[in-house]
Every structure is written in structure tokens, then in C-alpha cells.
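Participant: Got a structure for you, written out below as C-alpha cells; questions coming shortly.
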Amino acid sequence: MAAAKIKKGDKVVVLSGKDKGKTGEVTRAMPKDGKVVVSGVNIATRHRKPSQANPQGGLERSEAPMHVSKVALADPKSGKATRVRFETRDGKKVRVAVKSGEVING
């Protein structure tokens with residue numbers, strides 16, 4: 001399996017959909033499904049009936065997973081979307097931002 005270009009804790013920019021242009025942090029990466037959950041982005045609303053656990057019921061808002069191709073890593077320098085390249089530096093495989101050549105921590 002190829003190394004993950006986007007990992008948990010990365011700052012990403014949304015490229016398409018209703019939240020296009022928004023930035024957020026990856027709270028969960030699901031490499032098997034090819035999806036990521038980004039904080040504050042792709043909010044899904046569920047209408048919940050009152051239950052024993054939640055006697056009030058009402059609207060439940062939560063972040064839904066989105067496809068990894070809809071997000072791009074935010075460049076550490078400019079904060080704009082960038083592609084990711086893998087390079088070997090000091091004998092270690094590191095992720096590098098294509099736009100600035102900056103090493104991505106993590």
C-alpha cells in the first residue's frame with residue numbers, strides 16, 4: 001500500500017463541493033475507504049427522535065466523511081492548496097509540498 005499523502009492532524013483545503021475553499025484539520029483518516037473527516041467541514045444534520053439517552057431529540061450536527069480527492073494539503077508557507085511529493089532526506093522518507101518545497105511535519 002502506498003504511503004498516505006494526507007494524515008490525521010494535517011491542515012487541508014477543500015477543493016470542491018458546498019464547502020469549497022474552507023480549511024480545516026483532519027480529525028480522522030480512513031485510508032481503506034479513501035475518506036477523511038475534516039473539522040468544521042461537510043456538516044451533516046440528522047433529525048433525531050427523542051429517546052431514552054436523548055429525551056429532547058432535535059437536530060444533531062456532525063462532520064461527515066468526505067473523499068480524499070476533494071481535499072488538498074494546505075501549504076505550510078502560504079496556506080494555499082498544494083500537491084504532495086515524497087522525498088528522502090537524511091535517510092528518511094518525508095512529505096514535501098510541491099509548491100514551496102517545504103517539508104510537511106508529521
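Participant: Could you list all residues from the stretch 23-60 that are among the charged types (D, E, K, R), out of contact with any Gly (no Cβ under 7 Å at 6 or more places or on another chain) and under 28 Å from Lys5 (Cα atoms)?
Facilitator: Arg28, Lys32, Asp33, Lys35
Participant: Would you confirm, using the coordinates I've provided, whether Lys5 is open to solvent by 90 Å² or more (accessible area, probe 1.4 Å), at pLDDT below 95 and touching a Lys or Arg at 6+ places or on another chain (Cβ under 8 Å)?
Facilitator: Answer is yes for this residue.
Participant: Among Val36, Val26, which is the only one that is part of a strand (DSSP E or B), free of Cβ contacts under 8 Å to residues at least 60 places away in the same chain, touching a helix residue (DSSP H, G or I) at 6+ places or on another chain (Cβ under 7 Å) and on the phi < 0 side of the Ramachandran plot?
Facilitator: The unique qualifying residue is Val36.
Participant: Just to verify a result, which residue in the stretch 61-70, among those that are hydrophobic (A, V, I, L, M, F, W, C) and in contact with a Gly (Cβ under 9 Å, 6 or more places away or on another chain), is nearest to Lys99 (Cα to Cα)?
Facilitator: My answer is Val68.
Participant: Sort out which residues of the stretch 57-101 are open to solvent by less than 40 Å² (accessible area, probe 1.4 Å) and among the basic types (Lys, Arg), and write them in order of number.
Facilitator: Hit for the stretch 57-101 is Arg95, nothing else.
The values are calculated or read from the model by the stated rules, or taken from the named source; none is laboratory data. As the structure is a computational prediction, the values presented were derived from the model and not from experiment. A quick note on method: Cβ atoms are made from the backbone with ideal geometry, for glycine too, and the neighbour counts reach across all protein chains shown. Calculation scope for accessible area: heavy atoms of the full protein, side chains included, ligands and nucleic acids excluded. Shrake-Rupley method; radii C 1.70, N 1.55, O 1.52, S 1.80 Å.
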